[in-house]
1. Give me a count of the residues in segment 2-56 that are under 17 Å from the mean Cα position of the chain (by Cα), more than 22 Å from T98 (Cα to Cα) and of a type in the set (V, I, T).
2. Among the helices (runs of 4 or more DSSP H) contained in segment 54-171, which hold 1 or more residues that are within 16 Å of the ligand (Cβ to nearest atom) and either among the aromatic types (F, W, Y) or without any contact (Cβ under 8 Å) to a residue 12 or more places away in the chain (or both)?
3. Please state which of the following conditions G40 fails to meet, knowing it meets all the rest: (1) without any contact (Cβ under 8 Å) to a residue 40 or more places away in the chain; (2) closer than 15 Å to M119 by Cβ.
4. Given the residues V141, V162, which is the only one that is of a type in the set (V, I, T) and over 16 Å from the mean Cα position of the chain (by Cα)?
5. Among the residues of segment 1-11, write down those that are surrounded by 16 or more Cβ atoms within 10 Å (Cβ to Cβ) and not aliphatic (A, V, I, L, M).
6. Can you tell me which residue among F43, F87, F39 is farther than 19 Å from A16 by Cα and buried (at least 18 other Cβ atoms within 10 Å of the Cβ)?
7. When only residues in segment 1-46 that are within 11 Å of the ligand (Cβ to nearest atom) and small (G, A, S) count, which is farthest from L137 (Cα to Cα)?
Amino acid sequence: MLGKKMEKALNEQINAELYSAYLYLSMATWVEDEGLDGFGNWFKVQAQEEVSHAMRLYDYVYERGGRVRMTQIEAPKTDWKSPEAAFEDTLEHEQKVTALINDLVSLARKESDYATENMLQWFVAEQVEEEDTAGKLLQRVKLVGSKGHGLYMMDRELAARVFTPPAAEEE
Ligand code: FEO
């Protein structure tokens, strides 16, 4: 049975993951409005990943006999000054999410909730990947700047990203 403190913290993380999806969808609409549909595809796939993160926590809470409660999702920013600014915010956001995951691991340890600590290890590893990807894309978009050809090539590349459900990745 999930302890009340852990249940509340996991519910907050579900909200944070759904906010992440909402933020990336907001970035998708902004870049698409700028004519960068490939960038838009990347952010939409990112949003799908975030929903899958929320669902992983949702399923876990029920598996442990807890209760999920949906709460209000904060409205994200709607405009950026450049694709570079959007990736700067992406990296900063992922760093914040990493801190939230680390806090959850600390709480699980404090509560001697080893099952939750074990479940969270997937998120610890995922955050390494999330920060790495966001950092590398930021670096590349900085190199390309607002120059037409480079941005066009990057847009084409990002158009190829497809969503792979995490369960399928593990098989
Ligand atoms: Fe759910 Fe981007 O971390």
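Bear in mind that the values in this text are calculations on the coordinates, not laboratory data. On a predicted model such as this, the values are computed, not experimentally measured, just so you know. Cβ coordinates were reconstructed from backbone atoms using ideal geometry, including for glycine residues, and neighbour counts include every protein chain displayed.
1. 1
2. Fully inside segment 54-171 and qualifying: 83-110, 114-144, 166-170.
3. In the conditions (1) without any contact (Cβ under 8 Å) to a residue 40 or more places away in the chain; (2) closer than 15 Å to M119 by Cβ, G40 misses (2) alone.
4. Details: V162 fails: over 16 Å from the mean Cα position of the chain (by Cα).
When all the criteria are applied, what remains is V141.
5. Initial filter on segment 1-11 (surrounded by 16 or more Cβ atoms within 10 Å (Cβ to Cβ)): 2-3, 6-7, 9-11.
G3, E7, N11, listed by residue number.
6. Values: F43 fails: farther than 19 Å from A16 by Cα; F87 fails: farther than 19 Å from A16 by Cα.
Of F43, F87, F39, the one residue that is farther than 19 Å from A16 by Cα and buried (at least 18 other Cβ atoms within 10 Å of the Cβ) is F39.
7. From segment 1-46, those within 11 Å of the ligand (Cβ to nearest atom) are 13-14, 16-21, 23-24, 46; that's our starting set.
Narrowing further to those that are small (G, A, S): 16, 20-21.
Numbers: A16: 22, S20: 18, A21: 18 Å.
The residue in question is A16.
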